[in-house]
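Beneath this line is the structure, given in structure tokens, with notes to follow.
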Amino acid sequence: MARPWWRFWGGDPPPVDPAAWQALVRRAPLIAGLEPARSERLRRLTARFLDGKAITPVQGLELDGADRLALAAHACLPLLEAGTAALRGWSQVIVHPGAFRVEHGRHGTPWEFDALEVVHEGSEDREGESWERGPLVLSWADLAAEIAEPEPGYQLVVHEMAHKLDGVDGVMDGTPLLPRAWQREWARDFGAAFEALNALLDADPEAETPIDPYAAEAPEEFFAVCSEYHFTAPDLLREAFPAVAAHLERFYGPSPMARR
Ligand SMILES: [Zn+2]
């Protein structure tokens with residue numbers, strides 16, 4: 001296949017067609033909530049995502065151009081300030097019609113993919129998965145619903161892209177690549193919030209938690225879940241863990257759902 005012309009001068013692919021972008025803005029509140037300059041930046045990031053990633057629907061699912069655009073744009077939301085390092089080293093997005101069953105061991109080989117580092121382990125029903133150097137695996141039923149009507153605390157592809165950002169420094173530990181001083185503060189503040197959530201659940205496993213208790217599973221899940229809150233319910237996050245909310249606002253930029 002011939003190389004696209006823009007690769008010859010090392011530039012970005014042409015941005016997404018403005019009419020298609022406007023149609024997305026009308027159907028996707030998280031995109032509609034961006035400042036114009038950030039929406040324009042997202043449009044360019046999205047073109048790069050669509051150029052570099054193969055989006056493969058499976059099990060009879062069909063995705064049209066507008067669906068693929070919506071998926072890519074939401075995947076790029078967490079990259080608005082962080083840039084494109086998290087897009088390196090992987091190229092596949094596998095989209096299931098609904099929640100899918102994963103079967104793999106500690107370093108197992110799921111389906112047809114070889115030599116992947118497993119992020120989520122065990123055998124469970126999942127709406128999304130991210131592999132350190134492998135594909136994003138998503139459930140379209142969940143993602144499409146969250147795109148049309150953002151649900152406070154839930155944004156599947158944001159969660160999985162947070163794992164990609166986490167892995168940029170080679171370690172999945174809930175801390176992305178940051179300047180050293182900031183990284184120390186981040187580790188301190190996220191660590192304290194993670195411990196507080198776990199202390200609450202240790203005292204009472206049925207306790208009502210300020211954010212989804214899945215965040216207590218591991219530091220990397222805490223970061224990914226808090227990222228979902230940043231984009232969909234920033235007020236809830238600020239109330240629960242103000243220091244974490246401040247780090248995420250600095251890392252991701254203002255939330256599209258922030259009250260103006
Ligand atoms: Zn996760």
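The values are calculated or read from the model by the stated rules, or taken from the named source; none is laboratory data. Quick caveat: nothing in here was measured; it's all calculated off a predicted structure. In this analysis, Cβ positions are derived from the backbone assuming ideal geometry, glycine residues included, and neighbour counts consider all displayed protein chains. Just the protein is used for accessible areas: all its heavy atoms, side chains included, with ligands, DNA and RNA removed. Shrake-Rupley method; radii C 1.70, N 1.55, O 1.52, S 1.80 Å.
Below is a table of values for the structure above.
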quantity	calculated
Close pairs from the stretch 146-164: first among the hydrophobic types (A, V, I, L, M, F, W, C), partner more than 11 Å from the ligand (Cβ to nearest atom) and in a loop (DSSP other than H, G, I, E, B), Cβ under 6 Å, at least 6 apart	147/28
Qualifying residue in the stretch 169-182 (condition: in contact with a His (Cβ under 9 Å, 6 or more places away or on another chain), at pLDDT 95 or above and buried (at least 21 other Cβ atoms within 10 Å of the Cβ))	no
Verdict on residue 199 being away from the ligand (no atom under 16 Å from the Cβ) and either of a type outside the set (Lys, Arg) or open to solvent by 30 Å² or more (accessible area, probe 1.4 Å) (or both)	yes
Answer from 222, 194, 251 - the residue that is surrounded by 21 or more Cβ atoms within 10 Å (Cβ to Cβ), closer than 25 Å to residue 87 by Cα and not acidic (Asp, Glu)	222
When residues of the stretch 165-180 are limited to those that are part of a helix (DSSP H, G or I) and within 14 Å of the ligand (Cβ to nearest atom), the one farthest from the chain's Cα centre (by Cα)	167
Answer residue from the stretch 212-236, given it is closer than 17 Å to residue 146 by Cβ and not in a helix (DSSP H, G or I) and is nearest to the ligand (Cβ to nearest atom) among those	212
The stretch 190-236, residues that are of a type in the set (S, T, N, Q) and more than 16 Å from residue 156 (Cβ to Cβ)	198, 209
Condition check for residue 205: open to solvent by 60 Å² or more (accessible area, probe 1.4 Å) and at pLDDT 95 or above	no
Matching residues, the stretch 186-236, being of a type in the set (Val, Ile, Thr) and within 22 Å of residue 77 (Cβ to Cβ)	211, 225, 232
Residue within the stretch 152-164 that is open to solvent by 30 Å² or more (accessible area, probe 1.4 Å), at pLDDT 95 or above and over 14 Å from the mean Cα position of the chain (by Cα) present	yes
